[in-house]
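Undergrad: Okay, here's the structure, questions in a sec.
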Amino acid sequence: HSPLTQNATTHILANQNLQSSHNIQEKIANMYERLVVTKPLLPIQYMVDYLSFEDKEQALQDEYGLSEWRQGWLNRVFEKIDVDNSGQIDFKEIADFTSKYGSTAMNEEQLKEIFKDFDTSGDNFINPHEFKVFFARALRNVSNADFEKSMKDLIGGKLA
């Protein structure tokens, strides 16, 4: 290789490294800008999600700290439990779902207690909002991989 070829190669490689570094800096700058603008409830989780998801919109959080990605999973699970498609879950739907996909170790009293934890309005129905709030509290500190596994386990692995 001539010195000219080596210089050109070195220059190209240095330029690629600079572009790669600039791309990372740009991504981080964009993430911080979105962080300041959106003010997520869980900023660390937002940053992890932002850097993990191809679609950055999936990192956006609701007022309870649930990312769009997690909300999507919860919507699918809710729809799976809400067999009559009424937009709310009654005790019978929870009992049927639990006996089909969940633990048989729970008796009816335990199930009623869990239902009450979900049903914060006390109207004997779980609406999508109550469903999400429950899981936002219960699974706040769970990694995305464990969250996804929990959602798949909830429905017997039948949702993808």
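Undergrad: When the Debye formula is applied to the Cα atoms of the range 38-160, each taken as the same point scatterer, what base-10 log of I(q)/I(0) results at q = 0.22 Å⁻¹?
TA: -1.33
Undergrad: Applying the Karplus parametrisation 6.51 cos²θ - 1.76 cosθ + 1.60 with θ = phi - 60° to the phi angles of the range 145-153, what ³J(HN,Hα) value in whole Hz is obtained for each residue in order, glycine and proline being reported as x?
TA: 5, 5, 4, 4, 4, 4, 5, 5, 5
Undergrad: Moving on. Per the 1.4 Å probe, what fraction of the accessible area of the range 47-131, in percent, lies on carbon and sulfur atoms?
TA: With neighbouring chains kept in place, the figure for the range 47-131 is 49 percent.
Undergrad: Sorted by accessible area with a 1.4 angstrom probe, largest first, how do ILE114, ILE155, ILE24 fall?
TA: Descending order: ILE24, ILE114, ILE155.
Undergrad: In Å, what Rg and Dmax follow from the Cα atoms of the range 108-157?
TA: Considering the range 108-157 through its Cα atoms, Rg and Dmax are 12.2, 33 Å.
Undergrad: Something else: At a 1.4 Å probe radius, which order do ARG137, ARG34, ARG70 fall into by accessible area, largest first?
TA: ARG137, ARG34, ARG70
Undergrad: First select every other residue whose beta carbon is under 15 angstrom from the beta carbon of LEU111; then total the charges, Lys and Arg +1, Asp and Glu -1.
TA: Around LEU111, the charge tally is -4.
Undergrad: Quick check: with the 1.4 Å probe, what order do THR120, THR38 take by accessible area, largest first?
TA: Ranked from most to least accessible, the order is THR120, THR38.
Undergrad: Ok, one more. In Å², and per residue, what accessible area does the range 34-120 have when probed at 1.4 Å with the other protein chains present?
TA: 58 Å²
The values are calculated or read from the model by the stated rules, or taken from the named source; none is laboratory data. Nothing here was measured: the structure is a model prediction, and the numbers come from that model. Ideal geometry is used to build each Cβ from the backbone, glycine not excepted, and the neighbour counts take in all protein chains shown. These area figures cover heavy atoms from the full protein model, side chains too; ligands, DNA and RNA do not enter into them. Shrake-Rupley method; radii C 1.70, N 1.55, O 1.52, S 1.80 Å.
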